[in-house]
1. Any idea how far the Cα center of the range 316-385 sits from the one of the range 435-477, in Å?
2. Arrange the peptides 162-168, 486-492, 143-149 so that the one whose residues have, on average, the most other Cβ atoms within 10 Å appears first.
3. Relative to the longest principal axis of the chain, what angle (0 to 90°, nearest 10) does the C-alpha long axis of helix 219-239 take?
4. Mind listing the Cα extents of the range 465-555 along all three principal axes, in Å, largest one first?
5. According to a simple spin-label model (label point 7 Å from Cα along Cα-to-Cβ), what is the distance in nm between residue 289 and residue 193?
6. Amide H neighbours of residue 499 under 5 Å, at least 5 residues apart or on other chains, H built in the peptide plane: list them.
7. If contacts are Cα pairs under 8 angstrom and at least 6 residues apart, what is the relative contact order of the range 175-273 in percent?
8. Largest first, please: the extent of the C-alpha atoms of the range 178-240 along each principal axis, to the nearest Å.
Amino acid sequence: MSEQRWRQAWAQLIAPGSPFEVVSPEDGGPRRFRHTAPDLLQAIDAGRVHGDREFLVWQEQRLTFAQYFDQVDRLAGQLIGSFKLQPGARVAIAMRNQPAWLVAFAAIQRCGAVCVPLNSWGLRDELLHGLQDSGACLLLCDEARLRVLGGDLGSGSLSTIVVGTAADQVLSEHCLRYEDLLAAPPLPVPSLQLDPDAAALILYTSGTTSRAKGVLSSHRAICQALTALEFQGAFCAMSSPERIGVVINSGLAPTTLMAVPLFHVSGLHAQFLLALRAGRRLVLMYKWDVERALDLIRDERCTQFNGAPVMMQQLLASPRFGGADTASLFGLGLGGGASSSSLLASMIERKPDAIGGSGYGLTESNGIGAAIGGDQFVYKPGSCGWPLPIVDVRIGDDPQHPLPAGSPGLIWLRSPTLMSGYWNLAADSAATLRGGWLDTGDTGYLDDEGFLCISGRVKDLINRGGEKISAAEIEACIGDMPGVQEAAAFAVADSQLGEAVALAVRAEPHLEAGAIQAYIAARLAAYKVPARVYLHATPLPRNATGKVLKAQLQQSVGTFDS
């Protein structure tokens, strides 16, 4: 399909009368979708129509949509009746992916409370920071998180609902068993009128260097984000009809293997909430393991997998990929970080008929920015796609004076999906949201066809004697070297230049530092060649969303004397 036909499909989808009609407010604010749920509770309740269709698969548990919503209503009744939960109160969730997480999220919205998903990979200090910073009045957690926080919870007497404990296990007086609450006689849940601009969610940024900030989002922002994600699905179907036809003709029930964490927008919005509304099956993974993932794809006939680049790389590298075990897999999505050209090429080569895709968004934009999928992904896999129809993108130091197409610079976003601000951080909010525009901290450009291309992070630039070097460019280069499994470029202090380029690499045993430097020297300018290469025998440290913890790598090395 040509660019002209893609644009015709796009225009048709957002035209007046369409389910994805886009309108421009008279006050000059960002464009928005006309037809969205007014609040997250109504967006979630749309999933009730799917009734007895299977929704969740996790270990030995299987829940239909009707069973899921029965548990939601039972838990919401207990939250209001037993815990006196009030609209606007903050309720935290700290557990690995499992059905109880999804039940808890919807029950919290059913009460008009604000959900605070915490990083289940986090250690004690990170979990405590989220609880204390948000002012949570109630915590729902699994047994592993209870062990991490046990002493702290006891001293503060924070009401806690614990998932997965044995019936005969003795809990502290402030703790109740989740399973007991669901088994109790149901309590009434009064109907609510929610303000679309009221707070619905506080998601903590997956920071790799500093204390995570709470991103506060309204019901309206999240509902607009969900419609934007649904628009992208519809556009992909219209612009790639042959690929969609293969999926439909397979006769398989749409089923997503979900391995990314629910406390991140790519898991919460793009997988859980979309599946709930659309009637898709979700197969949950407690934690990522490539062999287990392949078993589940085979046994549950999964049709879709979305993951971080490191997950996709492991999946594609398996000798089982492309055979009978992945015969049902028609959709492959990337998110959470930059992908090397070799990974993108491998996706297209190994599954040429698949619906590949990726996108660009931030926690602060509820995951919404640009997106690409299907035929467009094959056409320009290194880009993030076109900005979604309710998103304005400008490039440059000042959004009021944008740079022309093709010129790289700071990326600014404007859309109705942006956060209300950082929780209790007025100065940080004002610095990041300026005149309705979000300073993403990312650098990139819009090409002459309107595709957004990301080149790196402003904070991920290495200043070598005044020359600004993009860590992402070095990582993309070495990512194409045979034998390299993962790599991260970062700055080290240099006594003469201020900063020097360092590169952490996990590779096959035969690769040496000199060969890695020579490979880069043959492809990039001499000043971009890493002064030091650190070879790692084990995986590089990453956070829960797959981003390398560069601060941790920096702390493990000293000053470089050039």
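1. Taking the Cα centre of each part, the range 316-385 and the range 435-477 sit 21 Å apart.
2. The most tightly packed comes first, giving 486-492, 143-149, 162-168.
3. Taking the Cα atoms of the chain, the angle to 219-239 is about 60 degrees.
4. Principal-axis extents of the Cα atoms in the range 465-555, largest first: 32, 29, 19 Å.
5. Roughly 5.2 nm, to one decimal.
6. 465, 494
7. It comes to 19 percent, rounded to a whole number.
8. 50, 39, 28
Readers should treat all values here as calculations from the given coordinates under stated rules, not as data from a laboratory. Keep in mind the model is a prediction, meaning the values are calculated, not measured. Because the Cβ atoms are built from the backbone with ideal geometry, glycine has one as well, and the counts that use them run over all protein chains shown.
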